[in-house]
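Written out below as structure tokens is the structure these notes cover.
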Amino acid sequence: MSSPSRIELYFDLVSPYSYLAFNILLKLRHVWNIELILKPFSLRDVMIVHNHKCNYTFRLLETRHQLRCP
């Protein structure tokens, strides 16, 4: 049997997409013969460090506008 391939999974603890990838890789790591290296991080902290500001107010207003328009 060959040595397992190594996969490093960087995942945000609150991301639903990370959760899906984590579960799939965890369940199938023995079937696919992979070594799973988990690297949790916080996307929020990364955004703060790099001064990335999300404009949630604009997104909320944009969504409200789209709901009013046909």
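The values are calculated or read from the model by the stated rules, or taken from the named source; none is laboratory data. All of these numbers come straight from a predicted model, not from anything done at the bench. As a convention, Cβ positions derive from the backbone with ideal geometry for all residues, glycine included, and neighbour counts pool all protein chains shown. Surface accessibility is based on the protein's heavy atoms, side chains included, excluding ligands, DNA and RNA. Shrake-Rupley method; radii C 1.70, N 1.55, O 1.52, S 1.80 Å.
Below, the figures for the structure above:
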| quantity | calculated |
| --- | --- |
| Any hit, region 2-12, residues being open to solvent by less than 90 Å² (accessible area, probe 1.4 Å) and free of Cβ contacts under 8 Å to residues at least 12 places away in the same chain | no |
| Residue that is surrounded by the most Cβ atoms within 10 Å (Cβ to Cβ) [pool: residues in region 13-51 that are among the basic types (Lys, Arg) and over 13 Å from the mean Cα position of the chain (by Cα)] | Arg29 |
| Output for region 1-53, where each listed residue is polar (S, T, N, Q) and not in a strand (DSSP E or B) | Ser2, Ser3, Ser15, Ser18, Asn23, Asn33, Ser42, Asn51 |
